[in-house]
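What follows is a set of notes on a single structure, which appears directly below.
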Amino acid sequence: VLSDLLTDPKEAIAPLARMRRAGPDVLLLHALHPVEQTFDFGQAVELYCEERGTRMRVEPRVVRQRYLAMMAAHQDALRQRCLDAGIRYDMLDLGEPASVELRRALGGLQRGRR
């Protein structure tokens with residue numbers, strides 16, 4: 001499963017946990033752009049929320065530390081829910097070539113990792 005996982009971890013993992021209980025191995029690839037990982041903007045930026053159809057002007061210096069803390073907590077929650085459900089979680093860096101990232105992530109399946 002490939003997703004940006006910009007939703008509540010409980011809601012995101014619940015259907016995958018049901019799938020895993022039914023038998024198949026499940027690999028969840030959390031696709032993030034480098035800027036989503038670092039919030040490294042040099043100046044104020046206008047962000048657009050596709051789900052809500054809203055725009056927000058953000059000053060990175062003001063919100064960066066809070067954003068990074070919230071993103072780390074979100075990823076930790078996703079990882080823990082996956083671990084609890086027997087789902088393999090891997091982060092997919094959209095700043096790298098897709099073929100390299102997919103080969104890295106899928107390589108663990110061949111070695112029997114979870």
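The values are calculated or read from the model by the stated rules, or taken from the named source; none is laboratory data. Treat the numbers as computed from the prediction; the structure is a model and nothing was measured. A quick note on method: Cβ atoms are made from the backbone with ideal geometry, for glycine too, and the neighbour counts reach across all protein chains shown. All accessible areas refer to the heavy atoms of the entire protein, side chains included, with ligands and DNA or RNA removed. Shrake-Rupley method; radii C 1.70, N 1.55, O 1.52, S 1.80 Å.
Miscellaneous remarks
- Scope the range 41-54; condition surrounded by 11 or more Cβ atoms within 10 Å (Cβ to Cβ) and either free of Cβ contacts under 8 Å to residues at least 12 places away in the same chain or within 17 Å of residue 71 (Cα to Cα) (or both); matching residues: 41
- Top-ranked residue of the range 74-104 - restricted to ones that are of a type in the set (Gly, Ala, Ser) and part of a loop (DSSP other than H, G, I, E, B), ranked as least open to solvent (accessible area, probe 1.4 Å): 86
- Filter pass, residue 62 being in contact with a helix residue (DSSP H, G or I) (Cβ under 8 Å, 6 or more places away or on another chain) and either at pLDDT 90 or above or under 16 Å from residue 92 (Cβ atoms) (or both): no
- In the range 31-54, residue farthest from residue 96 (Cα to Cα) [restricted to those that are out of contact with any Lys or Arg (no Cβ under 9 Å at 6 or more places or on another chain) and part of a strand (DSSP E or B)]: 54
- Subset of the range 1-20 [open to solvent by 50 Å² or more (accessible area, probe 1.4 Å), touching a residue at least 60 places away in the same chain (Cβ under 8 Å) and either part of a loop (DSSP other than H, G, I, E, B) or not aliphatic (A, V, I, L, M) (or both)]: 10
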